[in-house]
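Worksheet: one structure, shown below.
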Amino acid sequence: MFFLQDNVKITKNIVQMQMRLSPMIKIRVPATTANLGPGFDCLGIALNLYNYFTIEKIEEGLEAVLVDQSSGNILDLPLENNLFIQAMDELLQRTGRKIDGIRITEEINIPFARGLGSSASAVVAGLVAANCLTGEPFQEEELIEMAVDIEGHPDNVVPAFKGGFIINVISRNGLCYKKLELGDDLKFVVLIPDFELKTNAVRQALPEKIGYADAVFNISRAALLTASLYTRDYKQMRTAMEDRLHQDYRSRLIPGFFQVMEAAYEAGALGVALSGSGPSMIAVAEDNMDEIGRAMVETFKEHEIKASYLVKTTDNQGCRIVN
Ligand code: HSE
């Protein structure tokens, strides 16, 4: 049951909508790549690939339309699965406020369930939108904690909110994090296979316990990766992006994963990892990005997986209100 309104409907007439209405608020949220190899559940980077969420005033009710920007198609997502609305709803419940008479348009550039932070983008935008429309009862840090509670993965949520490279720690006092801005010298070849993996399902593939050797393997590399990004010295990125906590297990769900990784290295990648819980992969590079992307796509093809690639850089701004 939604707190916002009972009589919800999905509108399909987006053209008419754009002619008639002026936006109350438009929010831009970046995609994210989490884990980065060794930083399972704690490291993440925001990428300059964005979803846009526009809220317009209508007479009454709640309407939502999702547009896949790559195809122009309207996506048929049931409202009860709409994370933007769930996040708005959560904030409204905490304030005891109601909002009536809004239309939400979600322009989707971040593909669903590919390990690129599409859920985090919707949750962050929903909270920021509801906060703005109710006179900003919450501070930014409170919104970030709320977003982590709802979405569950700080390594996606915090970079989506703040941009940059983020190191998250869940401490006895709750979430704490450090942000480091990265330069445009570092490029990300984002390899997107044409199948989905849901994070919750993929977490089932992980063992319940790990050994000391694997823990040390990852701690040392997460520290090396952080230092490499901080000093902008990428010579040891291949070692720095190795992992023993999740990729071996999850790769079983991604045909050709290690061969694709090897192809990226042969084409000049500095470091390669699974993006979030996958199935997308991320190759870090300073040059040869198209060669790397093509090599990865070709190698996936040999394993009968269709894939495409994008070349991106870091978004250092995070979530922004753009109107
Ligand atoms: N750290 C999370 C995981 C990210 O790997 O499950 C989810 O995108």
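Numbers at a glance
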read-out	value
CD proxy at 222 nm, helix term only [per DSSP H run n ≥ 4: -39500 (n - 2.57); per residue of the chain; nearest 500]	-10500 deg cm²/dmol
Built amide H within the under 5 Å cut-off of residue 245, gap 5+	none
Cα-based shape type of segment 261-323, given that a ≥ b ≥ c are square roots of the gyration tensor eigenvalues and the cut on a/c is 1.5	prolate
Charge context of residue 269, other residues only, Cβ under 11 angstrom, K/R +1, D/E -1	-3
Of 261, 239, 62, farthest towards positive along the dipole that unit charges on Lys, Arg, Asp, Glu beta carbons give the chain	239
Surface share of carbon and sulfur [accessible, 1.4 angstrom probe, percent] for segment 181-256	52
Note, ³J(HN,Hα) from phi for segment 140-147, Karplus 6.51, -1.76, 1.60, rounded to Hz, x at Gly and Pro	4, 5, 5, 5, 5, 4, 4, 5
Shape of segment 16-170, Cα gyration tensor, a/c cut at 1.5	oblate
Total formal charge among the other residues, if their Cβ is under 14 angstrom from that of residue 298, Lys/Arg +1 and Asp/Glu -1	-3
For segment 157-165, 3J(HN,Hα) per residue [Karplus equation, 6.51 cos²θ - 1.76 cosθ + 1.60, θ = phi - 60°, Hz, x = Gly/Pro]	5, 5, x, 4, 6, 9, x, x, 9
Global form of segment 187-312, assessed from the alpha-carbon gyration tensor, a/c cut-off 1.5	oblate
Sites matching GluC sites (Glu not before Pro) across segment 198-276 that sit in DSSP coil, with at most 14 neighbouring C-beta atoms within 10 Å	208
Within the accessible area of segment 105-177 (1.4 Å probe), percent carbon and sulfur	46
Low-density loop cleavage sites - trypsin sites (Lys or Arg not before Pro) in segment 241-323, where at most 15 other Cβ are within 10 Å (DSSP)	306
Filter on 179/209; 209/301; 179/312 - keep pairs with C-alpha separation over 24 Å	179/209; 209/301
Per-residue SASA entry for residue 177, accessible area with 1.4 Å probe, Å² rounded to 10	60
The chain, relative contact order in percent, only Cα pairs under 8 angstrom and at least six apart counted	24
Cβ-Cβ FRET estimate between residue 203 and residue 258, R0 fixed at 22 Å, reported to 0.05	0.60
Residue-count net charge about residue 42 - beta-carbon cut-off 14 Å; Lys, Arg +1, Asp, Glu -1	0
Per residue, in Å², the accessible surface of segment 166-323 once ligands and nucleic acids are set aside, probe 1.4 Å	52
3J(HN,Hα) from dihedral phi, segment 204-217, Karplus parametrisation 6.51/-1.76/1.60, rounded to Hz, x for glycine, proline	5, 6, 8, x, 6, 10, 10, x, 4, 4, 5, 4, 5, 3
Percent of C-alpha pairs per 10 Å bin, the chain, short to long	6, 27, 33, 22, 11, 2, 0
Amide hydrogen neighbours beyond the local backbone of residue 47, cut-off 5 Å, H modeled	31, 32, 33, 315
Most mobile of 154, 255, 207 in a GNM of the chain (Cα contacts under 10 Å)	207
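The values are calculated or read from the model by the stated rules, or taken from the named source; none is laboratory data. Small disclaimer: the values here were computed from a predicted structure and weren't measured. Here the Cβ is made from the backbone with ideal geometry for all residues, glycine too, and neighbour counts use every protein chain on show. Ligands, DNA and RNA are excluded from the accessible area calculation, which covers all protein heavy atoms including side chains. Shrake-Rupley method; radii C 1.70, N 1.55, O 1.52, S 1.80 Å.
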